[in-house]
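The structure under discussion appears below in the form of structure tokens.
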Amino acid sequence: MDDKSPPTNEKERLSGVLEGLGAYLWWGMVTTFYFRWVRESTPLELLAWRVLAGLPVILLILSLRSELTKLRAIFKSPRAIGLLLCSALLIMGNWLTFIFSVVEARVSEASLGYYINPLVSVALGALFLKEKLRPLQWLAVLVAAGGVAIFTALEGSLPWISLVLAFSFALYGLIRKQVQASAEVGLAVEMVLLFIPMLALQIYLTQQGTTVFLKSTEMTFGLFIGGFVTVVPLWLFARAAKKLQLTTIGLMQYLAPTTQLMVAIFYIGEDPGTKWIPLALILVALAIYSGDSIRFHRNSSNGNP
């Protein structure tokens, strides 16, 4: 038994790495390419179909995994439903902002937001969960804040896309920590809560004549597969998170904004311009934060303070 354990663990770790890479590369590339492809539709319609097409997919996954009972258990808890309603509104705002950034060819600002996001999460943890930050973590947060300040000074306005994405996702994570539910179950509840509003939104857009649904075969197909595009990376991430250490997952998350930035420059043709200066500062902040996290994890594993 013991002789077979190491190869099994190594195989599981390798599959976790591949699944994690798949999730973050999907979020960075596939999702960006997808919304660029269906940009003939409005951001509001794309948001609606992320839920309308996504809910059946996530319910199917839960059914195949015999986890629908967990979904019913959540709906019996008023506190959990209240928290997930808040998280649903936050993820809805996050999705809409990201869709807008892709449709309007401002993906470089979106990537900047997802670079900032881990540091915002650390700061929120200190403020709301009373988590004690190490000196280098504070330094990383301050350097990133300096990057945002420089962007504002150079561009003459706040990077609102970056800040909305960073804070909405960080707050989303903060709320989801309070709910005892897996990523898939939590997302399913959020989509159930958003389904009727998104259906009403689609009906309204249809009445206003601002929809591509059933007007274009290609775009209608694009709207239908929006659920698949939304759910697959989450499923891969959930599997990877069970097999890998948090430090590994934390470092892999930078793949998404990096690939988004590459798509923005080399495919969409965006010119980052002065964004390179604050981006460089934020990358320095992330290097400080990641280096400190790795050092702390190694010391903890070795029993050192």
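Taking every Cα atom in the chain, find the radius of gyration and the maximum pairwise distance Dmax, and write them in Å.
Just the Cα atoms of the chain yield Rg and Dmax of 20.1, 66 Å.
Give, rounded to the nearest 20 debye, the magnitude of the charge dipole that the range 76-138 has about its Cα centre when Lys and Arg contribute +1 at Cβ and Asp and Glu contribute -1 at Cβ. Provide the component values of the computation, followed by the final result.
On the way: 6 positive and 3 negative charges, 81 e Å.
Roughly 400 debye, rounded to the nearest 20.
Identify all aspartates and glutamates with a Cα-Cα distance to Lys177 below 20 Å; exclude those on the same chain that are fewer than 8 residues away in sequence.
Of all the aspartates and glutamates, those that pass the test against Lys177 - Cα under 20 Å, at least 8 places apart if same chain - are Glu67, Glu131, Glu190.
Using only helices, what value at 222 nm comes out for the chain when you add -39,500 (n - 2.57) per DSSP H run of length 4 or more and divide by the total residues, to the nearest 500 deg cm²/dmol?
Numbers: 15 runs with 237 residues, N = 305.
Result for the chain: -25500 deg cm²/dmol, rounded to the nearest 500.
Answer with one residue from Phe100, Ala80, Val38: the one whose Cα lies farthest towards the positive end of the charge dipole of the range 30-120, charges on Cβ with Lys, Arg +1 and Asp, Glu -1.
Result: Ala80.
Return the sequence-ordered ³J(HN,Hα) values of the range 165-178 in whole Hz as given by the Karplus equation 6.51 cos²θ - 1.76 cosθ + 1.60 applied to θ = phi - 60°, using x for Gly and Pro.
Result, rounded to whole Hz: 5, 5, 6, 5, 6, 5, 5, 4, x, 4, 5, 5, 5, 8.
What ³J(HN,Hα) values, in whole Hz, does the Karplus curve 6.51 cos²θ - 1.76 cosθ + 1.60 give for the range 282-293 when θ = phi - 60°, with x put for Gly and Pro?
5, 5, 4, 4, 5, 5, 4, 5, 5, x, 5, 5
With an 8 Å cut-off on Cα pairs and a minimum separation of 6 or more residues, tell me the relative contact order of the chain in percent.
Numbers: 362 pairs, mean separation 120.3, N = 305.
That works out to 39 percent.
Ranking Leu174, Leu112, Leu64 by Cβ neighbours within 10 Å, fewest first, what do you get? Write down the numbers at each step before the final one.
On the way: Leu174 19, Leu112 28, Leu64 9.
Placing the least packed residue first, the sequence is Leu64, Leu174, Leu112.
For the range 127-222, give the magnitude of the charge dipole about the Cα centre (Cβ charges: +1 Lys/Arg, -1 Asp/Glu; no others), in debye to the nearest 20. Before the final figure, lay out each step's value.
On the way: 6 positive and 5 negative charges, 74 e Å.
For this selection, approximately 360 debye.
Read-outs throughout are calculated quantities, based only on the coordinates presented, and are distinct from any laboratory measurement. Note that this is a predicted model, so its numbers are computed, not measured. Counting neighbours? That spans all protein chains shown, and the Cβs are built from the backbone with ideal geometry, glycine included.
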